[in-house]
Amino acid sequence: MTTNRTIRLKARPSGMVGPEHFDFAEEAMPVAGDGELLVKTGFISLDPAMRGWLNEGKSYIPPVGIGEVMRAGTVGEVVASNADGFAPGDWVAGIWGVQTYAAVAAKDVHKIDTGLAPPERWLGALGMPGMTAYFGILDVGALKDGETVVVSAAAGAVGGLVGQIAKVKGCHVVGIAGGAEKCSYVVNELGFDACVDYKEDGVLKALATACPKGVDVYFDNVGGPILEAAMTLLRRGARVVICGAISGYNDFSKIQGPRNYLNLLVQRARMEGFVVFDYEARYGEAIRDIAGWLQSGKVKAKEDIQHGIERFPEVLQMLFKGENFGKLILKP
């Protein structure tokens, strides 16, 4: 325990993010000050939002600065504590970035119960993706029992949980995913009623077949042509939840809004974006419900765990190539 391995931002990407945009270094071990903890990183979350954090400009959160440790959600074990209420051996969650050790303020982390779920699950179903799915479909989507729900990126950490929550609420749920293997997982493991393979031709026709009554809620993680296809099928009073647009994250200059947006008017529907951090005060409510569903078997979680902090850039690319299967996590 003499060095800290870090990934720092070297240059802002324009296009696909890659190894050339980061520096890997071995640095001096951080020291915890008053009110701080020294934490050994156990798992690092990789999320599509990271791509947006690399762009300079105004957003819902400041961009990562050049030379700064790459921002990331993390869980880890307390090695040393200079703060009341925390002791070595405790597991905590926070956002201390892509590094093997960190000195973090106790006020910026919270304890996690590794008896309730393994540490990595607190970055997925019980972490930011879980909170995103829960509040996105129930609050923003204003889900009602028995509705028809369509979810893009349905095999991913957020999309898979959105669909399962909708099934818990008695809805007809259709996923959109890439490839036969992922579609099979979405239906046979996660319990969706159907799944459309976006890599095949005829996505709109397949969606229409799977949603004969139209779509009440579309939860969008990808944007682009898939968003347009789902909007074609909106029912009266439908809701479109804008969670993300991963199809355009590596080239914002080519992002276009849906050409059929007037269907929102015709169907008296609404489209609304949201940022999960706005619901932070209610995270306990979501964790309680999701943990209960996990324990009862009503909801399943899948993690895709990769190894080696030095592999961070290439592992991050997996998100944008559709190569991960479940919540993508890096074990340093």
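The values are calculated or read from the model by the stated rules, or taken from the named source; none is laboratory data. Here the structure is a predicted model, which means the values were calculated and not measured. Cβ coordinates were reconstructed from backbone atoms using ideal geometry, including for glycine residues, and neighbour counts include every protein chain displayed.
Residues are listed down the side, and each one gets a yes or a no for (1) within 18 Å of the chain's Cα centre (by Cα); (2) surrounded by fewer than 18 Cβ atoms within 10 Å (Cβ to Cβ); (3) in a loop (DSSP other than H, G, I, E, B); (4) aromatic (Phe, Trp, Tyr):
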| residue | (1), (2), (3), (4) |
| --- | --- |
| 75 | yes, no, no, no |
| 83 | no, no, yes, no |
| 113 | no, yes, yes, no |
| 121 | yes, no, no, no |
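Please determine, by comparing only the residues of region 167-182 that are among the hydrophobic types (A, V, I, L, M, F, W, C) and more than 17 Å from the chain's Cα centre (by Cα), which one is farthest from residue 235 (Cα to Cα).
180
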message = When you check residue 255 against the structure, is it hydrophobic (A, V, I, L, M, F, W, C), surrounded by fewer than 19 Cβ atoms within 10 Å (Cβ to Cβ) and out of contact with any strand residue (DSSP E or B) (no Cβ under 8 Å at 6 or more places or on another chain), yes or no?
response = yes
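Could you list all residues from region 1-24 that are in a loop (DSSP other than H, G, I, E, B) and of a type outside the set (D, E, K, R)?
1, 2, 11, 13, 14, 15, 16, 17, 18
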remark   = Of the conditions (1) surrounded by fewer than 17 Cβ atoms within 10 Å (Cβ to Cβ); (2) of a type in the set (A, V, I, L, M); (3) outside any loop (DSSP other than H, G, I, E, B), the single one that residue 66 does not satisfy is (3)
message = Can you pull out every residue in region 319-332 that is modelled with pLDDT of 95 or more and surrounded by fewer than 18 Cβ atoms within 10 Å (Cβ to Cβ)?
response = 331
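Of everything in region 201-224 that's within 21 Å of the chain's Cα centre (by Cα) and either over 19 Å from residue 259 (Cβ atoms) or not in a loop (DSSP other than H, G, I, E, B) (or both), which residue is modelled with the lowest pLDDT?
Out of the qualifying residues, it is 224.
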request  = Please indicate, with yes or no, whether at least one residue in region 282-297 is under 30 Å from residue 99 (Cβ atoms), within 17 Å of the chain's Cα centre (by Cα) and assigned to a loop (DSSP other than H, G, I, E, B).
outcome  = no
query = Across region 266-280, which residue is surrounded by the most Cβ atoms within 10 Å (Cβ to Cβ) among those that are modelled with pLDDT of 95 or more and of a type in the set (A, V, I, L, M)?
reply = 269
ask   = Considering only region 154-181, how many residues are buried (at least 24 other Cβ atoms within 10 Å of the Cβ) and either touching a strand residue (DSSP E or B) at 6+ places or on another chain (Cβ under 7 Å) or of a type outside the set (A, V, I, L, M) (or both)?
value = 15
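Please find, within region 307-316, the residue that is nearest to the chain's Cα centre (by Cα) out of those that are of a type outside the set (Val, Ile, Thr) and crowded, with 17+ Cβ neighbours inside 10 Å. Even if it seems obvious, please write down each step before you answer.
First pass over region 307-316, keeping only residues of a type outside the set (Val, Ile, Thr): 307-308, 310-314, 316.
Among the residues that remain, those that are also crowded, with 17+ Cβ neighbours inside 10 Å are: 312-313, 316.
Values: 312: 17, 313: 17, 316: 13 Å.
The extreme case among them is 316.
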request  = Please work out if residue 108 is over 23 Å from the mean Cα position of the chain (by Cα) and surrounded by fewer than 20 Cβ atoms within 10 Å (Cβ to Cβ).
outcome  = no
remark   = Picking from 130, 97, 159, 141, the residue that is touching a residue at least 24 places away in the same chain (Cβ under 8 Å) and more than 30 Å from residue 173 (Cα to Cα) would be 97
